[in-house]
Amino acid sequence: MEGAERLRAFLTYIVEEELAGRGAEIRGKTIAQDVYGRDPAEGVDPENVVRVDARRLRQLLELHYEGIGKHDPIRLHIDTGGYRPRFDMAPENREKPEQANVRNPWLPFAAFTLGGVVGAILAVYLVQNEPAVVQVPVSENNISSDPNLVQRAAIYEKSPAALQAFNLANQARSMIFPIFDRPRQLLVLSVFERVIELDPDYFGGYAGAAQASATLAVLSAPSDEKDTYAKAAMEFADEAVRLSPDQAWSQSAKSWAYFANRDYEAAITLGRRASKLDATDGAVLDFLGAVALFSGEFEEAVEIADRQSLLGSSNQRFANRNLSGAAHFHLGDYHQTIESFEAAKQFGDPLSAPSLAYATAAMSALGLEKEARAKLAELERAWPDAPVDMMLKNIHSEEANAEAVVQQLTQLGWEKPSNLRSDNQ
């Protein structure tokens, strides 16, 4: 997981520099050189990857403090416009300085600097060992009208393990996008399998496992492995629907499982049903948008991705701008494709190799050769071995739609890593 290792190295570096008293000297140039080994003499912008990773870290930190880290007494920030970390007391602790002084304020961030293989990603999204059970005492005096609090209280009444499973499933669900990151999907699948262990009667564990398994099937070339993932996805989805047939997530999971099994009509039908069950669930809409996009229903993909009611917070949805950009490409609106992917970059949405491929192809189709070559160079630096052609051909129902993107890249001189690997074997 090169991206995760890079984020971990980035965060480790800036925190250690701050603790060593050199925080004021942190610059994009120094990070590019000291962390990534980028040389300005290479003729490219060595700080571009630093800016991209800084945006990702800001979003991951924000998600962390909105979720599992909401009770952390000390918070880490990376302010826009710079890279120096800033430590701040959580709002609820500012009026209790005597409690804040009990703990070493740097301890909450040891997880970031000493994380495991996926360091920063796991530190932001998941608890380092076991997710803490949020105990919600049930009484008329302290249960508010907040439906989320009432829901968690009800789950806790079933068992602490059930609440633990519920919290973990919601954290893992936010990690599914971008779907083209195979190591991410393997990680997410393992998390949902843990959810199932904690509460075998909770539909969310099976729904999430179905979506991760289906994604792994979609990303795999025709093989026994692909068939195994596709079969597992349908089995997980069937169990989710059996447990909670009226839940949008269950129907959405089965829609994606159908897509992985190449039943595109059933996939779009169930995806639409899921969106009607909960029109405000951004993850449900993202999967419906993906089904529409890769099934060739480009206008519907645009409509789903651009629903204004869910565009208020970039932290709730990861895929809508990417889906919109890709769909607009296939509709021939290349300017809108570029605008959508630029917006995704500005909002800090996670990007994948196919995202940059679509942006590059749109620039090429418009005759913006200089800009297209610069974007292609960015793609090759970030994902030098990504077989974009095979990624797109594996996921699109019609190979011609994938080829429309790949053709623009090859016209710019891009060499397919999939071909290079096959030639070397």
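Readers should treat all values here as calculations from the given coordinates under stated rules, not as data from a laboratory. The structure displayed is predicted, hence computed values, not measured ones. Note that each Cβ is placed from the backbone with ideal geometry, even for glycine, and that neighbours are counted across all protein chains shown.
Tabulated data for the structure shown
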read-out: Relative contact order (%) - segment 197-335, alpha-carbon pairs under 8 angstrom, separation at least six; value: 17
read-out: Global geometry of segment 311-425, whether rounded, prolate or oblate, following the gyration tensor of its Cα atoms and the 1.5 cut on a/c; value: prolate
read-out: Amide proton proximity set for Asp349, modelled H, under 5 Å, gap of 5+; value: none
read-out: Backbone HN-Hα couplings from phi across segment 189-199 [Karplus 6.51/-1.76/1.60, Hz, Gly and Pro as x]; value: 4, 5, 5, 5, 5, 5, 4, 4, 4, 5, 8
read-out: From phi via Karplus (6.51, -1.76, 1.60), per-residue ³J(HN,Hα) for segment 395-407 in Hz, x at Gly/Pro; value: 9, 6, 5, 10, 4, 4, 5, 5, 5, 4, 7, 4, 4
read-out: Estimated dipole of segment 145-295 in Debye, rounded to 20 [Cβ of Lys and Arg +1, of Asp and Glu -1, Cα centre]; value: 260
read-out: Amide H contacts of Arg75 (H built 1.01 Å from N, under 5 Å, at least 5 apart or other chain); value: Asp88, Met89, Ala90
read-out: Over 20 Å between alpha carbons, listed pairs Lys375/Lys416; Lys70/Lys276; Lys226/Lys375; value: Lys70/Lys276; Lys226/Lys375
read-out: Pairwise label distance in nanometres, Glu5 with Glu342, each label 7 Å out on the Cα-Cβ vector; value: 3.4
read-out: Separation of the Glu25 and Arg307 label points, Cα + 7 Å toward Cβ, nm; value: 5.2
read-out: Under the Karplus curve 6.51 cos²θ - 1.76 cosθ + 1.60, θ = phi - 60°, whole-Hz ³J(HN,Hα) for segment 372-383, x wherever Gly or Pro sits; value: 5, 5, 5, 5, 5, 4, 5, 4, 5, 6, 6, 9
read-out: Label-point separation in nm, Lys158 to Lys70, each point 7 Å along Cα→Cβ; value: 1.9
read-out: Inter-centroid distance (Cα atoms) of segment 235-299 relative to segment 374-406, Å; value: 25
